[in-house]
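Please read the structure below before turning to the comments.
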Amino acid sequence: MAVASLFEDLLDQYKIEQLIAAKRYTDLFQAYDVDDDRLVRLDVVHAGLAEDSAFAGQFISRARALAQVRHSNIAPILHVGKTTGGAPYVTQAAIDGSPLSHRLEQLAQRTTPVNSIYALKLIRQLADALLLAERLEIFHYDLQPDNVLLKNVTRPTDDSVVLIDLFIPAERPTRTAAPEDTPNAAYLSPEQRAGRAVTAPSHVYSLGAMLYRLLAGHLPGGSVSMGDTVINRTFGRATALERDRGDLSPATYALIDRALRKDPRGRFPTIEAFVVALDDALAAEEVRLGSAAGNRAPADARPRPWIFALLVLALLLAVGAVAARNLVDRAPTAGPAATPTAGQTLVAVVASLTPAATDEPTAIPATTNADEAAPAVQDTTVPEPTVASPSPTPTPTPTAPPTSALPTATLEQPLVRVIFNLVNLRRGPGVGFATMGSVAGGELLEVVARNDDEADLWYLVVTADQRVGWIAEEVVQVTSVEALQDVPVAATIPPAPIILPTATVTPTPTVIAPFTVVPTIDPDDDNGGGEGGGTSEPPPPPTAEPTDIPGEPPTLTPPPLPTVES
């Protein structure tokens with residue numbers, strides 16, 4: 001169907017008004033919906049691509065799948081159809097907004113950098129939309145700023161980011177231009193530029209490139225290899241973003257560094273994993289800017305370069321000291337030499353790192369075994385355990401002892417994340433204790449202790465605003481199982497509150513007192529003793545007093561009959 005005929009005739013219920021843009025795979029038109037009285041946008045597949053049955057079939061199936069879902073950050077699809085010429089088209093609601101690329105050009109003219117929280121929240125909305133698309137196994141063929149719209153919102157609660165063209169098939173037809181020829185090819189992942197299929201790590205790379213552009217004001221110089229990351233972390237070198245902008249948190253640098261890895265296996269495997277790291281970076285930026293309570297440093301702080309060099313030097317000195325002491329203090333004994341244990345080896349290495357350990361025997365730690373006395377006082381019955389080298393070669397080998405012989409310099413903090421919207425913080429490990437406030441969903445809490453009940457496990461945590469209280473295991477998610485295993489049992493646990501039994505009002509059953517009616521003698525009765533011949537006896541008292549139930553009407557007992565006297 002020619003473009004001219006589109007303006008003359010109705011396309012289903014739509015009246016074409018103007019051509020907005022000729023895009024790569026479709027022509028974008030503004031149209032008027034005569035049935036619903038509203039403006040819409042139509043994407044009509046190019047005539048050449050409409051003849052490709054594989055492309056046209058994928059276009060229609062993806063559009064129909066997206067028409068079944070509603071997401072605030074995905075442009076809603078209203079209708080899927082075909083023109084009279086057989087070209088598939090998609091109808092979407094008209095969005096009042098501009099592409100993200102225009103906003104990036106405006107930000108590039110500013111002298112001050114973009115607010116990091118603003119940039120992270122924009123990418124967070126895009127990631128939220130792609131998270132839904134990933135569950136539907138739909139991937140964006142061209143994730144770059146031209147396919148992201150920023151709405152002109154009138155209410156602060158409106159989401160400002162809308163992802164478009166998600167219905168375009170990810171497989172690129174061979175008759176179109178190569179990915180490298182596109183203006184925004186730098187936003188695409190290396191494997192996508194090479195012509196391979198788009199996956200979730202490809203989306204992660206594109207999101208990382210857009211976030212880099214927002215924060216630094218320009219595109220990244222290229223992808224990051226695993227070797228570059230290892231060298232930067234080992235020697236404390238700055239990343240590319242850190243060299244361009246040095247006022248961000250370590251979590252933000254780590255997020256972008258991993259998202260821009262050249263190898264897809266080095267990136268975040270899914271959008272969901274990327275969102276978790278992005279939320280951590282957002283929280284770290286809020287702390288850095290002072291918008292969150294507390295001044296604790298983030299747990300993933302980048303190691304100082306001198307720490308690694310100091311550990312290597314200490315390792316070499318420890319190996320030399322142990323080998324020299326082994327040669328000097330070794331003496332022949334009657335029995336075979338005792339084999340040192342792993343604990344004795346560790347004690348010896350730690351002792352060699354202590355400056356006073358080589359001169360005074362009192363510098364040996366208190367945990368040293370009794371048979372590790374100073375060389376001047378030797379026990380003839382139990383040989384002194386020495387750290388024996390596998391070979392008697394006097395020259396120490398730097399790589400002989402494993403690196404794991406040294407104690408770890410830093411330990412990961414045991415943290416848990418609240419997985420519900422709002423949970424209570426209590427004064428003790430149990431729902432019977434009084435609450436001391438609440439914690440919002442997604443907040444990270446530092447675990448300092450736990451109770452000793454595996455069936456009903458509670459953690460003693462410290463919140464961001466330095467509150468200390470107990471929280472149940474069922475309402476949090478552990479960030480590191482290994483770190484949580486070292487959490488000790490609380491030394492003192494508040495006593496369980498005394499719960500007084502509630503008084504229950506038991507209704508007392510109504511007792512109906514039996515009574516006996518003694519008939520009186522009728523003077524006119526033939527069986528009577530004549531007039532004045534007898535009197536009736538009073539009835540006996542009831543056998544039991546009736547009990548009235550509170551709140552119910554009392555049971556009425558008939559009065560005794562009167563006595564007839566002559």
_Qualifying position, being surrounded by 17 or more Cβ atoms within 10 Å (Cβ to Cβ) and either of a type in the set (S, T, N, Q) or in contact (Cβ under 8 Å) with a residue 40 or more places away in the chain (or both), among 114, 80_ = 114
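Is it fair to say residue 158 is in contact with a strand residue (DSSP E or B) (Cβ under 9 Å, 6 or more places away or on another chain), surrounded by fewer than 17 Cβ atoms within 10 Å (Cβ to Cβ) and modelled with pLDDT under 90?
yes
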*Scan segment 421-474 residue by residue and report those that are under 22 Å from residue 279 (Cβ atoms) and among the polar types (S, T, N, Q).*
421, 438, 463, 466
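Tell me the residue from 171, 137 that is open to solvent by 60 Å² or more (accessible area, probe 1.4 Å), at pLDDT below 85 and charged (D, E, K, R), please.
171
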*Tally time: how many residues in segment 244-273 are open to solvent by less than 10 Å² (accessible area, probe 1.4 Å) and in contact with a His (Cβ under 8 Å, 6 or more places away or on another chain)?*
1
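Could you say which residue among 72, 53 is within 40 Å of the chain's Cα centre (by Cα) and loosely packed, with under 15 Cβ neighbours inside 10 Å?
Among 72, 53, only 72 is within 40 Å of the chain's Cα centre (by Cα) and loosely packed, with under 15 Cβ neighbours inside 10 Å.
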*Count, please, the residues in segment 444-455 that happen to be more than 17 Å from residue 479 (Cα to Cα) and open to solvent by less than 40 Å² (accessible area, probe 1.4 Å).*
1
*Hey, can you tell me all the residues within segment 279-306 that are at pLDDT 70 or above, assigned to a helix (DSSP H, G or I) and of a type outside the set (Gly, Ala, Ser)?*
279, 280, 282, 285, 286, 287, 288
*asked:* Within segment 85-111, take every residue that is assigned to a helix (DSSP H, G or I) and open to solvent by 80 Å² or more (accessible area, probe 1.4 Å) and give me the one that is nearest to residue 32 (Cα to Cα).
replied: 102
_What pairs come out if I take residues in segment 53-71 that are touching a residue at least 40 places away in the same chain (Cβ under 8 Å) and in the same structural domain as residue 131 (by the TED database) and pair them with residues that are surrounded by fewer than 13 Cβ atoms within 10 Å (Cβ to Cβ) and among the charged types (D, E, K, R) whose C-beta lies under 7 Å away, six or more apart or interchain?_
none
*Quick one: is residue 116 within 28 Å of the chain's Cα centre (by Cα) and either in the same structural domain as residue 244 (by the TED database) or among the charged types (D, E, K, R) (or both)?*
yes
*Any residue at all in segment 435-443 that is open to solvent by 60 Å² or more (accessible area, probe 1.4 Å) and of a type in the set (Asp, Glu)?*
no
_Any residue in segment 440-452 that is farther than 17 Å from residue 488 by Cβ and part of a loop (DSSP other than H, G, I, E, B) sitting within a Cβ distance under 8 Å of a residue that is modelled with pLDDT of 90 or more and basic (Lys, Arg)? List the pairs, counting only those 6 or more apart or interchain._
442/417; 443/417
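The values are calculated or read from the model by the stated rules, or taken from the named source; none is laboratory data. Bear in mind that the values here come from a model prediction, so they are computed numbers and not experimental data. As a convention, Cβ positions derive from the backbone with ideal geometry for all residues, glycine included, and neighbour counts pool all protein chains shown. Quick note on the areas: whole protein, heavy atoms, side chains included, nothing else; ligands and nucleic acids left out. Shrake-Rupley method; radii C 1.70, N 1.55, O 1.52, S 1.80 Å.
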